[in-house]
1. Provide the packing ranking of 39-51, 318-330, i.e. peptides ordered by the mean count of other C-beta atoms within 10 Å per residue, highest first.
2. Taking only C-alpha pairs under 8 Å that are 6+ residues apart, what is the relative contact order of the chain in percent?
3. Explain nothing, just compute: Karplus ³J(HN,Hα) = 6.51 cos²θ - 1.76 cosθ + 1.60, θ = phi - 60°, for every residue of the range 234-241 in order, whole Hz, x for Gly and Pro.
4. What are the extents of the Cα atoms of the chain along their three principal axes, listed from largest to smallest and rounded to whole Å?
5. Starting from the eigenvalues of the Cα gyration tensor, five times each then square-rooted, give me the equivalent ellipsoid semi-axes of the range 70-226, largest first, whole Å.
6. Between their Cα atoms, which of K374/K414; K152/K190; K274/K326; K130/K414 are more than 20 Å away from each other?
7. Tell me the mean residue ellipticity at 222 nm calculated for the chain from its helices only (DSSP H runs of n ≥ 4, each -39500 (n - 2.57), averaged over every residue, nearest 500).
8. Find how many whole Å separate the alpha carbon centroid of the range 271-344 from the alpha carbon centroid of the range 116-150.
Amino acid sequence: MTVFQKRVFFAVFILIIFVKAVFSETSDSQNLSFSPYIDSRFGLLLYTEESSSWYRTGKAGINLQTQTEQLTIEGQYLKGKSRHENFFTDIDFGSIHFEYFQNPFRIKSTFSSFSIPDDLKIGDGKPSFKVSVGSGNSLNFGIDFDFSLFNKDWEFGVDCLSLTAGFQEGDLYYFYGKPDDFSFLGGKSKLSLPFGLDFFSIDGKLSGNMKTNSEEKIGDFDTSLLSFFLAKEFVFQIGDKFSTKPFIGYANLSFSGNVMVTSENQRYFLFPYKFIGGSIDETFHLLSAGNSFEFKKHGFSLLIDCVYFYCLQNSASGEYSYKYKKNILFDGSSAREKIDLPNAAGTHIFAGNIDISYKFSIDKHFSPTLRISKIIATAILNEETEDFFSTSSASDTSISGASTEGNNNFTWNKLKEALLSGTSISLRIDF
């Protein structure tokens with residue numbers, strides 16, 4: 001067990017002792033129930049014949065409940081590893097979650113920490129990027145409040161998330177440097193209305209700096225999201241529960257950034273430029289629709305979530321400029337040009353998650369639940385955007401002359417990649 005894991009589970013152990021002490025005053029008079037559980041999961045983010053990206057998690061927690069109060073605490077550790085040629089990294093992640101309920105309030109908080117102990121490499125060939133030894137922390141706090149208005153039940157909830165992260169050094173193809181001082185502040189607000197109506201909004205802003213490896217600032221970037229959705233739940237008396245919850249919404253996503261690298265902050269001899277830099281500003285207007293299905297009968301549960309985005313409008317602008325050094329190696333030429341960014345309007349994005357589980361009734365003190373999940377995501381790009389991101393060319397190797405057996409293997413390999421990518425399996429045991 002690593003030092004990071006030990007710290008996470010030690011903190012959970014201390015919390016359990018603290019909670020038990022707090023609740024001990026009510027255990028005699030209010031019949032305190034104590035329900036521990038463990039949960040383990042293994043999943044494949046991206047599977048190919050050559051490599052795969054996977055993660056495994058371990059989670060342990062307890063539920064403490066009296067007639068009027070309920071408390072949940074849990075600790076989780078995640079280990080991720082990717083050996084894909086375009087995304088190569090390791091990651092360790094740990095979190096502690098706390099949730100307390102006493103009508104009409106529910107309070108929840110989560111502290112998380114992650115580290116990238118080695119290198120994170122993005123891209124294979126040119127361009128390619130590498131950053132080393134990243135770490136970060138996040139804190140989430142939320143509160144839900146139930147109240148009555150016009151003789152109807154309402155609920156209002158707010159979740160706030162704060163995150164900071166950074167890297168120690170990096171090699172970003174054109175120069176030595178790194179993204180650093182990541183800062184995210186955002187959250188989700190929800191208003192549950194009568195008649196099964198929900199209005200919720202997800203907003204946030206991510207910002208950061210570009211620095212040299214000697215901590216000199218050479219640029220910055222900002223990303224912001226503003227979105228709101230309206231959902232309506234329909235519940236039917238089929239099985240133990242069958243419900244469907246369609247929603248519609250709008251999202252505005254914007255990004256801006258700039259960077260300027262000079263021979264003064266890139267002092268290695270073969271750096272070719274006196275300066276090179278650029279800026280970009282892009283905004284997406286997205287319409288959204290989706291649905292959540294839930295079916296439960298006895299120990300069987302089926303959950304299906306799906307969401308669809310349509311890019312209604314995209315405005316983008318950018319430019320770059322450079323000037324070469326003037327010496328025996330470089331001619332001192334310069335240029336200033338616009339970045340030819342595609343218009344992504346008309347692009348379609350679909351994502352979904354299927355979750356199937358079954359809770360076995362073995363013993364009242366031992367209840368295992370087996371769960372299989374599958375994430376599906378795809379994008380249909382317009383011609384302009386597809387051409388921009390395409391890395392294929394007429395000189396690529398053709399498979400038109402492959403044998404029938406080769407084509408069958410190609411089809412089977414692609415089918416395996418599609419089925420296994422985004423698939424996970426987990427086992428939870430309630431005691």
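Since every read-out is calculated from the coordinates, none of them should be taken as a lab result. Small disclaimer: the values here were computed from a predicted structure and weren't measured. Methodologically, a virtual Cβ is constructed for each residue, glycine included, from the backbone with ideal geometry; neighbour enumeration extends over all protein chains shown.
1. Ranked from most to least packed, the peptides come out as 39-51, 318-330.
2. That works out to 10 percent.
3. 10, 10, 10, 8, 10, x, 6, 6
4. 88, 54, 50
5. On the way: eigenvalues 308, 65, 37 Å².
Semi-axes, largest first: 39, 18, 14 Å.
6. K130/K414
7. Numbers: 3 runs with 52 residues, N = 431.
About -4000 deg cm²/dmol.
8. For the range 116-150 versus the range 271-344, the Cα centre distance is 18 Å.
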